[in-house]
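Encoded as structure tokens, the structure appears first; notes follow it.
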Amino acid sequence: MPELRKKYPFDKIEPKWQRYWAEHKTFAPRDDSAGKKLYVLDMFPYPSGAGLHVGHPEGYTATDIYSRFQRMRGCNVLHPMGWDAFGLPAEQYAIDTGTHPSITTRKNIDNFRRQIQMLGLSYDWDREVDTTDPGYYKWTQWIFLQLFNSYYDPELEKAQPIALLQDALAETPQRQDEWKDNPFLAGTRKGFFGKSEVGARDLVRQLFIPKMRLAYESEVPVWWCEGCKAVLANEEVNADGTCDRKGHKEVYRRPLRQWILRITKYADRLLKDLELVDWPESIKEQQRNWIGRSEGAEVDFKTEAGDRLRIFTTRPDTLFGATYMVLAPEHSLVEKVTPAQQRAAVDAYRTNAATKSELERTQLEKEKTGVFTGGYAINPVNNEKIPIWVADYVMMGYGTGAIMAVPAHDTRDFEFAKKFGLEIRTVVQSPAGIDPQGFTGDGTSVNSGPITGLPTPEAKKKITAWLEEKKLGKPTVQYKLRDWLFSRQRYWGEPIPIVHCPEHGAVAVPERELPLQLPEMKDYTPAGNAEPPLAKATDWVNTKCPQCDAPATRETNTMPQWAGSCWYFLRYIDPHNDQAFVAKEKEKYWMPVDLYIGGAEHAVLHLLYSRFWHKVLFDLGHVSTPEPFMKLVNQGMILGEDNQKMSKSRGGSNVITPDDVVRDYGADALRMYEMFMGPLEATKPWNTQGLEGVYRFLGRVWRLYCNEDGTLILDDSEPSAALLKALHQTIKKVGEDTDTLAFNTAISQMMIFVNEVTAQEKRPRKLLEPFVLALAPYAPHLAEELWEKLGHKQTLAYEPWPAFDEALLKEDTVTIILQVNGKLRDRLDVPAQISREDLEKIALANERVQEHLAGKQIKKIIVVPGKLVNIAAS
RNA sequence: GCCCGGGUGGCGGAACGGCAGACGCAUCGGACUUAAAAUCCGAAGGUGAGUUAAAUCACCGUGUGGGUUCGAAUCCCUCCCCGGGCACCA
């Protein structure tokens, strides 16, 4: 905006009040207040070098308005901000320039803080957290050790200290009292000592116990991105096989030793506890899909050679329709079932499948492929011999890596069978008019021995019970959710606090040695051979075993960026505590988070991972709630004026920066405009003229109270009844709408009020003083300034929200609409108390109504008191 | 392909099953001004009738087609389009 006279002195007012709030620590809540506690949280940002984007203030303003409003309603509000500061860009910059990532990070944080503070958000800045601060990541490491030192007890269905398991398997247990009533531990001990010989027990302990930990090591094929020189998590690989971070194309699997978190043990609870939270249904649905629970049965087929071939199916009722089997190319039985004459073809297929990139396997590969192994399996329900195929449409990672194919009732099997000329046998009767071949819905079993004639759900139950009785199968639940690949081959992340000892294996760094800090380094480049950069810091790597003091080496993998954000909301509660990650009583007071606002891009991962960590901490007694976030709202995206995503790569022409907007229009205008654009959850385009409209409104408010020179012009006249009513309507609507986050309509109501008062000569203080309070959550700087001009010496942040008088809102007369056959024909003002009968009489006597009733017969008269009369006639 | 959202003026959007289009933008007209900006006041869904101009009136209108209802933007079904997510998960 070029040299335009400001409509009101926001450039003086805003810095003034921001200084006041900071100096008075206005927004510091108390940990022991009598008021109702309220924890209002924003998803903390990654402080990128690009700075704040207009999308950020949208969510921040929403939580800020809500927080300010609730403070005025007497709530004790915790509203903090911090930085999710580990991340690749700072490390990449370090590789390119040698600048330590902490320097880049600090600089970016300073810039983000400056930008956020410029918006006048009511954070308690004394609680700021930074995930890269050793004082913070000390506790991230501590939580990792909680996971490492726990196992999931299948009987108790919760995490338990691994020490109990170790004790239960010890030659001379010390803590029997603690586990003798635990069926899992007592049972495990019984089985262990029953089977293993003394000499073998140590070996079994060494192998078994580490695998039971919630954080465990495993050699797994992982996604390696050649471009990033880093391992990617499953969720960082796009469906088309490219890298989700930078779009690199060379992404393939390679085996690597990795730290894994056993999130799958929590699959059921993560699914079930979604019922406890007030989240958008779409987010819940995405989490449910991600967890991907499906109930079915494992069924044991036999190969001709007599090997057990176990499959998973969700449709055991279609067992009689199985006409072939499919093994994943990686399945261990493939070799065994393949006779010599088929070996060449099968090997060729498997090699080909292994080298195929994910891109080819999912995108280009629409046609099904596979080869016949030459081997056969026996169907346990009818002893029929059916061929075994290998095909890559069956994946090793899900179920058992093998299926029974029922082409008549499974789309994939159907396609495959048609292509290779395999038998398609109908065993489910479809509803009339639908082809049973390829019918995948529920119907009635046919040609299925004992379950013939049963509807699908019952058929499933009966056949599963039969299988179980014959020890041929059992009901099973499968999940799509995989364990969480937790390690990264990167420098700029939390070091994993583990020491590798030749004698004792992976040993936890003792708690008193935390934080385990990152070493200083000169060179941050990865070796490129999957050795993390930390491996080069030999002084740091070489250490002693915490258990036996023998030479040992430190873990050189670091944690992923998700780690710090899994629990930051807990640290805000007690950010400077160096004895605990959060003090128990404070956690109990503040948790759970009452309102959490952020982008929908975190619908699955961040929210699922935080929930998982939270449940582990809950099981171990460190936190008091099973779920961390009670109400969740996703703010919508803000598009550029061209209706496109704002992006620098588009030449930056459509990017609006908060700095420019605040400079030209002020923070209050930016805040209000972002809220006025439309519903919080909606995606909506930026429009600078719209911003100016809101800015004009703030100017109108200013002029309502002040002269050109800023002197107050209010008077002590009695406001008219009409204006008093307008004020009370406004207070009511703004209160209700703010409470339900309907900020756009709250602002409309304030505009209506200001328009009405502007039209009057008088400026009654009785009207305009309460209005300042209603405006305050939205335009806090302007409101504080006016409040001060009105003679108040203290911030209005804790002034009680103005009450509205219901009696003033009552209408003496109401406008009634008259309809004939549902069409509006006239409207008239009548006393509010009018009786139905009178209303009906008036309506029938109405001239316009009479016109439209001419020549018609009245069939029915609907009277809605206070609203309308509708006459149905024909 | 499947699962979520969503389609309302020129634009952003309002509207407990009961006056469609609040509020804002853009537009047009007026006041103020030498003039402009700023500000203030006012008009405005479309089509047609009416009239010097109005007032006024009728019909049509919430993606499409159907249904429920005295009455549907709102509830139910069909289809179309847009946005987001998942994608051989057995």
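The values are calculated or read from the model by the stated rules, or taken from the named source; none is laboratory data. As the structure is a computational prediction, the values presented were derived from the model and not from experiment. Here Cβ is always computed from backbone atoms with ideal geometry, including for glycine, and neighbour counts include all displayed protein chains. Remember, those area values only see protein heavy atoms, side chains included, never the ligands or the DNA or RNA. Shrake-Rupley method; radii C 1.70, N 1.55, O 1.52, S 1.80 Å.
For region A:12-26, does any single residue satisfy the condition of being open to solvent by 10 Å² or more (accessible area, probe 1.4 Å) and at positive phi? The answer is yes; a qualifying residue exists. Among the residues making up region A:736-762, a single one is in contact with a strand residue (DSSP E or B) (Cβ under 8 Å, 6 or more places away or on another chain) and surrounded by 19 or more Cβ atoms within 10 Å (Cβ to Cβ): A:Leu741. Just to verify a result, which residue in region A:372-431, among those that are within 42 Å of the chain's Cα centre (by Cα) and among the hydroxyl-bearing types (Ser, Thr, Tyr), is farthest from RNA strand B (Cβ to nearest atom)? So, considering only residues that are within 42 Å of the chain's Cα centre (by Cα) and among the hydroxyl-bearing types (Ser, Thr, Tyr), the one farthest from RNA strand B (Cβ to nearest atom) is A:Ser430.
Applying the criterion of being within 9 Å of RNA strand B (Cβ to nearest atom) and not hydroxyl-bearing (Ser, Thr, Tyr) to the residues of region A:663-679, the residue that is nearest to the chain's Cα centre (by Cα) is A:Pro679.
Against the numbered list (1) near RNA strand B (Cβ under 7 Å from one of its atoms); (2) closer than 30 Å to A:Thr730 by Cα, A:Leu809 comes up short only at (1).
Counting only strands (runs of 3 or more DSSP E) that fall entirely inside region A:492-557 and contain at least 2 residues that are open to solvent by less than 20 Å² (accessible area, probe 1.4 Å) and in contact with a Cys (Cβ under 8 Å, 6 or more places away or on another chain), the qualifying elements are A:498-501. Among residues of region A:441-463 being among the polar types (S, T, N, Q) and touching an Asp or Glu at 6+ places or on another chain (Cβ under 9 Å), the one that is surrounded by the most Cβ atoms within 10 Å (Cβ to Cβ) is A:Ser445. In region A:340-360, the count of residues that are within 11 Å of RNA strand B (Cβ to nearest atom), at pLDDT below 90 and open to solvent by 70 Å² or more (accessible area, probe 1.4 Å) is one or more. I'd like the full set of residues that are farther than 16 Å from A:Val428 by Cα and either more than 39 Å from the chain's Cα centre (by Cα) or among the small types (Gly, Ala, Ser) (or both), limited to region A:454-467. Residues satisfying the conditions are A:Ala465, A:Trp466, A:Leu467. Just so you know, in region A:705-719 the residues that are touching a residue at least 24 places away in the same chain (Cβ under 8 Å), out of contact with any Pro (no Cβ under 8 Å at 6 or more places or on another chain) and outside any helix (DSSP H, G or I) include one that is surrounded by the most Cβ atoms within 10 Å (Cβ to Cβ), and it is A:Cys706. Within region A:465-481, the presence of a residue that is away from RNA strand B (no atom under 14 Å from the Cβ), open to solvent by 10 Å² or more (accessible area, probe 1.4 Å) and under 17 Å from A:Phe144 (Cα atoms) is excluded.
Could you check region A:276-296 and list, in sequence order, the residues that are of a type in the set (S, T, N, Q) and either farther than 19 Å from A:Lys265 by Cβ or within 9 Å of RNA strand B (Cβ to nearest atom) (or both)?
Passing the criteria: A:Ser282, A:Gln286, A:Asn289, A:Ser294.
Within region A:297-315, how many residues turn out to be more than 16 Å from RNA strand B (Cβ to nearest atom) and part of a strand (DSSP E or B)? Residues in region A:297-315 being more than 16 Å from RNA strand B (Cβ to nearest atom) and part of a strand (DSSP E or B): 3 in total.
Exactly one condition in (1) in contact with a Lys or Arg (Cβ under 9 Å, 6 or more places away or on another chain); (2) within 23 Å of A:Glu555 (Cβ to Cβ); (3) open to solvent by 70 Å² or more (accessible area, probe 1.4 Å); (4) at pLDDT 90 or above is not met by A:Glu219; state its number. Exception for A:Glu219: condition (4). For residues that are part of a loop (DSSP other than H, G, I, E, B) and within 7 Å of RNA strand B (Cβ to nearest atom), scanning just region A:680-693, find the one that is least open to solvent (accessible area, probe 1.4 Å). Checked region A:680-693; the qualifying residue least open to solvent (accessible area, probe 1.4 Å) is A:Ala682. For region A:699-727, the set of residues classified as under 23 Å from A:Glu784 (Cβ atoms) and touching a Leu at 6+ places or on another chain (Cβ under 8 Å) consists of A:Val701, A:Trp702, A:Leu704, A:Tyr705, A:Cys706, A:Leu712, A:Leu714, A:Leu727, listed by residue number. Residues in region A:751-776 that are free of Cβ contacts under 8 Å to residues at least 40 places away in the same chain and farther than 19 Å from A:Ile713 by Cβ: A:Ile752 only.
Can you confirm whether A:Gly292 is closer than 26 Å to A:Ile424 by Cβ and in contact with a Lys or Arg (Cβ under 6 Å, 6 or more places away or on another chain)?
Judged against the criteria, A:Gly292 is not a match.
Filter region A:850-864 for residues that are surrounded by 15 or more Cβ atoms within 10 Å (Cβ to Cβ) and within 10 Å of RNA strand B (Cβ to nearest atom) and give the result. Result: A:His852, A:Ile861, A:Val863.
Screening the candidates A:Glu285, A:Glu335 for the property of being under 27 Å from the mean Cα position of the chain (by Cα), outside any strand (DSSP E or B) and surrounded by fewer than 16 Cβ atoms within 10 Å (Cβ to Cβ) yields one hit, A:Glu285. Every condition in (1) outside the structural domain of A:Ser835 (by TED's automatic domain parsing); (2) open to solvent by less than 80 Å² (accessible area, probe 1.4 Å); (3) more than 21 Å from A:Met675 (Cα to Cα) holds for A:Leu775 except the one numbered (3). Of the residues A:Gly453, A:Gly438, the single one that is in a loop (DSSP other than H, G, I, E, B) and within 16 Å of RNA strand B (Cβ to nearest atom) is A:Gly438. For region A:813-834, the count of residues that are open to solvent by 70 Å² or more (accessible area, probe 1.4 Å) and closer than 30 Å to A:Tyr60 by Cβ is zero. In the condition set (1) within 11 Å of RNA strand B (Cβ to nearest atom); (2) in the same structural domain as A:Glu587 (by TED's automatic domain parsing); (3) open to solvent by 30 Å² or more (accessible area, probe 1.4 Å); (4) on the phi < 0 side of the Ramachandran plot, A:Pro626 is compliant with all but (1). For A:Glu788, the requirement of being out of contact with any His (no Cβ under 8 Å at 6 or more places or on another chain) and under 28 Å from A:Glu692 (Cα atoms) is met. Checking each residue of region A:415-425 against the condition of being at pLDDT 90 or above, in contact with a helix residue (DSSP H, G or I) (Cβ under 6 Å, 6 or more places away or on another chain), crowded, with 16+ Cβ neighbours inside 10 Å and in a helix (DSSP H, G or I) gives at least one match. For region A:600-621, a residue qualifies if it is out of contact with any helix residue (DSSP H, G or I) (no Cβ under 7 Å at 6 or more places or on another chain) and in a loop (DSSP other than H, G, I, E, B), and exactly one does: A:Gly621. Just one of the listed residues (A:Gly49, A:Gly59) is open to solvent by less than 50 Å² (accessible area, probe 1.4 Å) and either of a type in the set (Gly, Ala, Ser) or part of a loop (DSSP other than H, G, I, E, B) (or both), namely A:Gly59.
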